[in-house]
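Presented below is the structure to which this report refers.
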């Protein structure tokens, strides 16, 4: 049965979910390969093509496969302006053009972009119907930089932004937590919900890299004051720092906010091999973050989790990171209790975030 939001679900259903084996789904479709931004562009089709090959070789029937449907105009207009949507459609008339200086498109890119939003919505619908407990939408182009009226940073439509708006408007959710661990700040998502408390946005990103947003002081306005948390990272951040700072920030945020849905803008360009990242993370960070998600989920009533692929431009490390994350989900979490020891940069980042946010009393003591 489709449920509206967690506060409307009976205790028996939550207890039943906790005792069931975790069911993991992926959204995939070869039409995501149709978006061809150019031979030297970082967001090349091989990114998802190689992930799909890895899924077939390593996971078999352990994953539920979901086929995306095109987003509707009504869904897109929850975030994007009609003029911009028409502009995207017009790109089908030219073999190659630019929606933004860093976002070139071909005549089929509009279709991939429409399906990227539709794939996230399809994943959400599968979660709410009970078909799966966690879903990873392996889509492209990415979305967290896209604004209502323009493309930016390789992003055409704001995939998770539209999906969150759809969840709020269509299903009556009141608390959605969006975690953005892409190495670039998700300014598009932040701007959409900056004055609202219905969506809590948490981002970790490299300080001083694209885009020039995501400062500590960007904490929300109006009703949303305190519901945006930015964690700028230095180039020296390593796995231990990343995991410690998330453990000390994400756990109290989740336990105080009690999200009914958790979305993840899952970028893997923080890996040390990535040509567009500038820090020292390895696969261990992303495996640890996945384990942490499951631990947190279990402690707050098992809300559905939807991940959406954002960045990650070294194909080898991207595939390896996605494999690690899905390996955690398909076995249901870590075999031993999680432990993340203090790490110097991680401690400094968390302490600064807490000092800034303590005045709002949203997630700090």
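Values quoted throughout were computed directly from the atomic coordinates according to the rules given, and no laboratory measurement underlies them. Note that this is a predicted model, so its numbers are computed, not measured. All Cβ positions, glycine included, derive from the backbone under ideal geometry; neighbour counts span all protein chains shown.
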**Request:** Provide the gained length on full extension for the span residue 280 to residue 81, in nm with one decimal, where the gain is 0.36 nm per separating residue minus the Cα-Cα distance.
**Result:** 67.8 nm
**Asked** Antiparallel as a % of all DSSP beta bridges within the chain, to the nearest 5?
**Response** 15
**Among 330-338, 346-354, the order from most to least packed when residues are scored by Cβ within 10 Å on average** = 346-354, 330-338
**Fill in**
The rounded separation in angstrom of the Cα centers of the range 232-283 and the range 141-219 is 15
**Item:** Relative exposure of 361, 35, judged by other C-beta atoms within 10 Å (fewest first)
**Value:** 361, 35
**Prompt:** Roughly speaking, what is the stretch gain from residue 216 to residue 360, that is 0.36 nm per residue apart minus the C-alpha to C-alpha distance, in nm to one decimal?
**Reply:** 50.4 nm
**Where the Cα pairs of the range 275-345 fall when distances are cut into 5 Å bins, in %** = 3, 13, 23, 24, 17, 14, 5, 0
**Request:** Calculate, in nm to one decimal, what residue 97 and residue 59 gain on full extension: separation in residues at 0.36 nm each, minus their alpha carbon distance.
**Result:** 9.9 nm
**Complete:** Nearest-0.05 FRET efficiency for residue 21 and residue 111 at R0 = 30 Å, using Cβ-Cβ distance, is 0.25
**Request:** Could you work out how far apart the two model spin labels at residue 348 and residue 67 are, taking each label as a point 7 Å from the Cα in the direction of the beta carbon, and quote it in nm?
**Result:** 5.2
**Item:** Enclosed volume per residue, in Å³, of the convex hull spanned by Cα atoms of the range 113-172
**Value:** 76
**Request:** Write down Rg/Rh for the chain, rounded to two decimals, with Rg from the C-alpha atoms and Rh from the Kirkwood relation over Cα pairs.
**Result:** 0.93
**Request:** For the range 223-365, just list the percent of Cα-Cα distances falling in each 10 Å bin from zero outward, please.
**Result:** 11, 39, 39, 10, 0
**Request:** State, to one decimal in nm, how far the label point of residue 90 lies from the label point of residue 272, with both points 7 Å from Cα in the Cβ direction.
**Result:** 4.7
**Asked** In what order do 292, 54 fall by count of nearby beta-carbon atoms within 10 Å, going from fewest to most?
**Response** 54, 292
